[in-house]
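The values are calculated or read from the model by the stated rules, or taken from the named source; none is laboratory data. It should be emphasised that the depicted structure is a prediction, and the values quoted were computed from it without experimental measurement. Counting neighbours? That spans all protein chains shown, and the Cβs are built from the backbone with ideal geometry, glycine included. For the accessible areas, the whole protein counts, side chains as well, though only heavy atoms, and no ligand, DNA or RNA atoms are used. Shrake-Rupley method; radii C 1.70, N 1.55, O 1.52, S 1.80 Å.
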Amino acid sequence: MKKEFEELVEILHICRSNCPWTSRQTIESYAKEAFSEAEEMVKAVEKKDHENLKEELGDMLWDTLMIAHIAEQQGLFTAKEIMQSIVEKIKRRKPYLFEGRKVTIEEAGRIWEEVKAKEKLSAGKRNGC
Ligand code: MG
């Protein structure tokens, strides 16, 4: 999967640099595309159309990676930081997975919500709320 991911990112970079349409797109225009693709993905799930689901997930991945790439080009943040951020979030919100602890579905939901509430509280404090 690493090889395929690297090929996808390489094609994305080529596309962003050389395609006249893609090179003019913005985070905002790709965000609209991503929203539309998410709707198409939900429809594919509802229809249980797995071939179409595969295609729509690819479209969503493309748009997500393109937004990340444009953000990186603009110096906002890096793709590496996005991946680090989601890994850290999952580790915070599902600590039992990394502590070798078994939890019930109810405990998993409660832990997720408790950690999320703490995060919002500290984010509010950082923003002066
Ligand atoms: Mg699509």
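Of (1) assigned by TED's automatic domain parsing to the domain that holds Cys19; (2) away from the ligand (no atom under 16 Å from the Cβ), Met83 satisfies all except one. Which?
Every condition holds for Met83 apart from (1).
For region 34-59, how many residues meet the condition of being open to solvent by 60 Å² or more (accessible area, probe 1.4 Å) and part of a helix (DSSP H, G or I)?
12
Report whether or not Lys43 is on the phi > 0 side of the Ramachandran plot and modelled with pLDDT of 95 or more. Steps first, answer last, please.
Numbers: on the phi > 0 side of the Ramachandran plot: no; modelled with pLDDT of 95 or more: yes.
The answer is no for Lys43.
For residues in region 110-129 being open to solvent by 100 Å² or more (accessible area, probe 1.4 Å) and outside any helix (DSSP H, G or I), which is nearest to Ser85 (Cα to Cα)? Spell out how you get there, then give the answer.
Taking region 110-129 as the starting set, the residues that turn out to be open to solvent by 100 Å² or more (accessible area, probe 1.4 Å) are 110, 113, 118, 120-121, 125-127, 129.
From what's left, outside any helix (DSSP H, G or I): 127, 129.
Values: Asn127: 19, Cys129: 23 Å.
Applying the filter and picking the extreme gives Asn127.
Let me spell it out: the conditions are (1) farther than 30 Å from Glu114 by Cα; (2) surrounded by 13 or more Cβ atoms within 10 Å (Cβ to Cβ), and Pro20 meets all of them except one. Which number is the exception?
(2)
Give the residue, chosen from Glu72, Glu107, that is free of Cβ contacts under 8 Å to residues at least 12 places away in the same chain, surrounded by 11 or more Cβ atoms within 10 Å (Cβ to Cβ), assigned by TED's automatic domain parsing to the domain that holds Val9 and in a helix (DSSP H, G or I).
Values: Glu107 fails: assigned by TED's automatic domain parsing to the domain that holds Val9.
Unique residue meeting the criteria: Glu72.
Give me the pairs, please: first residue somewhere in region 19-43 and in contact (Cβ under 8 Å) with a residue 60 or more places away in the chain, second residue anywhere and away from the ligand (no atom under 11 Å from the Cβ) and open to solvent by 40 Å² or more (accessible area, probe 1.4 Å), beta-carbon distance under 6 Å, and either six or more positions apart or on two chains.
Here the result reads none, with nothing in region 19-43 linked to a residue that is away from the ligand (no atom under 11 Å from the Cβ) and open to solvent by 40 Å² or more (accessible area, probe 1.4 Å).
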